[in-house]
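Input: a single structure, listed below in structure tokens.
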Amino acid sequence: MATAVESAAAAAGAGEEPLAVQLKGITKRFPGVVANSDIALDVRKGTIHAIVGENGAGKSTLMKILYGVQPPDEGTITINGTQVELKSPTEAIRAGIGMVFQHFMLAENLTVLENVVLGAEKLHGIGDAARAKIREISTEYGLRVEPDVLVSEIGVGDRQRIEILKVLYRGAKILILDEPTAVLVPQEVNELFEHLRELKTEGLTVIFISHKLDEVLSVADDITVIRRGTTVAAVDPKDVTARQLAELMVGSELPSPQTEESTVTDEPRLTLDGIDLVGQASARKILDGIDLVIHAGEIVGIAGVEGNGQAELVEVVMGMRRPTSGRVLLGETDITEAGVREIREAGVGYIPEDRHRHGLLLEAPLWENMMLGHQTEPPNVKGPLIDARAAKADTARVVEQFDVRTPSILVTAGSLSGGNQQKLIVGREMSHAPRVLLAAHPTRGVDVGAQAAIWDLIKAARRDGMGVLLISADLEELVGLSDTIWVILRGRLSGEFDPNVVTREELGAAMTGATTGEEEQR
Amino acid sequence: MKLDVRRVGLGLAAPALAVVVALLLTSLILVAAGDPVVAVWQVLFKAPLPRQVVAIINEASVLYLSAVAVAIGFKMNLFNIGVDGQYRIASFMAAVFAGAHFLPGWLNIIVSLIVAMATGAIWAAIAGVLKVARGVSEVISTIMLNYIATYFVAYLLKGAAVKIEGSNATSTRILTEDSRVPGINLEGLLGTGREIYGLVFLSIAVGILFWFVLNKTRFGFDLRATGQSETAAVASGVNVKRMVVVSMVLSGAIAGLVGMPLLFGQDFAYGDTVQTGLGFAGISVALLGRNHPVGMAVSALVWGYLNQLSNGLQISAGVSDRLVLIIQGIIVLSVVIAYELVRRAGLRMEQRRVARELEARPAPVVEEVHP
Ligand SMILES: Nc1ncnc2c1ncn2[C@@H]1O[C@H](COP(=O)(O)OP(=O)(O)OP(=O)(O)O)[C@@H](O)[C@H]1O
Ligand SMILES: [Mg+2]
């Protein structure tokens, strides 16, 4: 049917509901790159529509266009059968569109409540009515959001839920979620999907981006594949496997980390001895008696729901926070009182969980970002002076080796796609051959191809004697890479597991504290 | 690396646009006030006389030091409003020290410069320490320190002043001939006996040093990183608290030099007639010059030019020379808007270029896989 459909409205006239979103011929260029080129996208009302594609394929760009953040250079947007021009997010919200960004947009110094009502004061005011509404949405969708805590005090997982709540609060009928599951542990992902399905039955439409293809297949009604800035396929999840999907995206196979023969030695590389950390606001212990030894050639995985002390643990080891009591040893040296720079120079690599806050200077060129955190080490400096030429050469090497998609090493880090930013950070940290690597979600936001490459690299470095503290929300990654897995719950290491025998269910139960007591396997 | 002509062009377009907008707005104000528009511009756009050229350069050399002091703070997101107080108290100390003539000739001058830098640094450090130890905003504390400096210097001046015959101005002891920095006489070139401050070279040296430290050293990298993202800087190993104090100290040390060309090249003493407000002018010059070493030099010259040519306004056009303050204010405001406009124009130009290059290439293959 509909050979001569002028508009979706005509289709509606023909007895069919108009598409919730229809994008035609969308093109968007940035200096040196074409992010979107002649993209077509049809999203049916009341469905969950997944968008997949490699890092830098143009997914986020397309969604930002739909949300009115950036205008397209060419192309049309049709919402519920009416063609619209969205000049700003405000107009998009008025058209019933809401978006949760890949990188969160929350004001650190405001409370959750203030963040949610910011710009939407007219809806329910800024006081108790708003608080009540937030609580209502929170319970309705199980988002567990506390309105009165400061955003600066909470972890990435909580921030994600606040962002979703913010969108629902504004009454969006079409939800855009850019990699919403990247920061969530499997149980949370399942919960989220439950809610998405619920939203769907209420007639809402969800568009979501993800690199986790299994998830995509389990929840999506339709899938659109984007490759190098253009739509290459619209597929039905019932007809494809994750592997076929990966091939459509990148033309490569789906990786899965394989544990190899153990390379664990008995030489301690990093020792945590009775680490306690008491919060400023409350007297509650954020970290509670952490004892942990990481040996040369060993990867110790930490599993846990976000906000159980993982971030603080890393910050203590990095010297960004002082523990209330306890000691941190690097090899034989006590680094409890050392500064971040000393610790980095002693050979600790750091892949932060929040790349925008801790990993990059978004307005600085890539080559300066390659120096960040290593601005006292070769090849970046000669004595007190910067060696720009060597730093640039090093950047070019990493961009090449890690397949960072960028028109040049002189562009700013902020103009890279999320996954490519992550690849740059991983490349930077691995370049300095760390003795100990603190890796928080090392493959967060990277596509399947790059994920495999990063896994291989970490394993190779482990063979050479690197010790790794791996924090990840991705159980596949934890089980596949780790020699030992610890579960962290409310600031305590609550259980040790052998990755060779542990099941997802067991880990999941331990992470949420569902298991009685703190039994140990092995 | 090759020079990107278009980039440089865009870089110059913004300040130029700002100046044009300022001229238009000022014309409107003049019309509204019923003042002679044409006569005013005739005065302001006359080619400066040789003696004015020298005065412009002299004024610019002083403003430039002030702008660099402000820019050091700006690069780190610190708003050092206190340059004004810092340079006055530093000038006073240097004048007292130099006037005492403990040391002979050049040595006296050099040590006095160091005294000035140290004084400015200490005065600014107070604000830096308050910020890291007590979380006091440097904006508030430096404004307060400006007031304190004003009255403190006035008080000290009473004690240190020597009476000058036939004048009721108070000032420190006047420097002897051998403790003055000789001016540069360009009589042959410009045809005026007025001399350029010898310490113009100090300004140039400070500008080069500023550029070098900021862009070529590890320290400069740390400083810029802190300004761009404090959290990322901390994670990269920068001790931000120390950085705040150090950059306030550096900013204050350069601020201490602001009064030196005047002291050693023109006034030879610190008195109650000394020029004030240079610290605030420095903020404007740094803004117009975008904290760039060359940009600030140009904007310091523009400032000096406007100040000098405004002297003729009252006589030739019957308009108060305060008009120039309005023009300068509008320039600073327009500059912010102009940079944004030019940035967008640049982006559009770039996109059109990409589009053109793209059309030359074949379109990507699209395979529709419909289930
Ligand atoms: N503001 C910008 N300025 C310049 N280039 C940009 C900008 N935003 C995106 N790009 C470029 O556009 C391309 C597409 O980026 P986009 O963020 O849409 O990718 P993505 O598909 O979301 O990737 P990822 O999976 O890594 O998040 C990239 O090459 C990126 O470098
Ligand atoms: Mg993206």
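Key figures for this structure:
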read-out	value
Rounded to the nearest 20 debye, dipole of chain B from Cβ charges on Lys, Arg, Asp, Glu	560
Within chain B, longest stretch clear of exposed GluC sites (Glu not before Pro) (DSSP loop, no more than 16 other Cβ within 10 Å)	B:166-366
Positive-end extreme of charge dipole, chain A - chosen from A:Val300, A:Ala233, A:Gln187 (charges on Cβ)	A:Ala233
Karplus (6.51, -1.76, 1.60) ³J(HN,Hα), θ = phi - 60°, over segment A:318-328, in Hz, Gly and Pro reported as x	6, x, 7, 9, 8, x, 5, 8, x, 10, 10
Charge dipole (debye, nearest 20) of the protein assembly as shown; +1 at Cβ of Lys and Arg, -1 at Cβ of Asp and Glu	3780
0 to 90° range, to nearest 10: angle between helix B:200-216 axis and chain B longest Cα axis	40
Those lysines that a straight Cα-Cα span of less than 20 Å connects to A:Lys423, excepting residues fewer than 8 apart in one chain	A:Lys59, A:Lys212, A:Lys392, A:Lys459
Prolate/oblate/rounded call for segment B:86-144, Cα gyration tensor, a/c under 1.5 rounded	prolate
Cα gyration tensor category, rounded, prolate or oblate, for chain B with a/c compared to 1.5	oblate
Convex hull of Cα atoms in chain A, direction-averaged projection (nm²)	25.1
Neighbour-limited loop hits for GluC sites (Glu not before Pro), segment A:319-374 (at most 15 other Cβ within 10 Å; DSSP other than H, G, I, E, B)	A:Glu332, A:Glu337, A:Glu363
Segment B:78-88 - phi-based ³J(HN,Hα) in whole Hz, Karplus 6.51/-1.76/1.60, Gly and Pro as x	9, 10, 7, 7, x, 4, 4, x, 4, 6, 6
About the Cα centre, charge dipole magnitude for chain A (Lys/Arg +1, Asp/Glu -1 at Cβ), debye	1580
Selected from A:Ile290, A:Leu330, B:Ser61, residue furthest toward positive end of dipole (the protein assembly as shown; charges at beta carbon)	B:Ser61
Selection from B:Ile110, B:Met248, B:Ala154 lying farthest towards where the dipole of segment B:75-280 points positive, charges on Cβ	B:Met248
Reachable lysines, given that their alpha-carbon falls under 26 Å from the alpha-carbon of B:Lys131 and they are not under 8 places away in the same chain	B:Lys75, B:Lys241
Contact order normalised by residue count of segment B:75-280, Cα under 8 Å, 6+ apart, percent	39
Helix-only mean residue ellipticity at 222 nm for the protein assembly as shown, each DSSP H run of n ≥ 4 adding -39500 (n - 2.57), per residue, nearest 500	-15000 deg cm²/dmol
Those GluC sites (Glu not before Pro) in segment A:109-214 that DSSP places in a loop and that have at most 16 other beta carbons within 10 Å	A:Glu202
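Every number in this text was worked out from the coordinates using simple rules, so none of it is lab data. Bear in mind that the values here come from a model prediction, so they are computed numbers and not experimental data. Cβ sites come from the backbone with ideal geometry, for glycine too, and all protein chains shown count toward neighbours.
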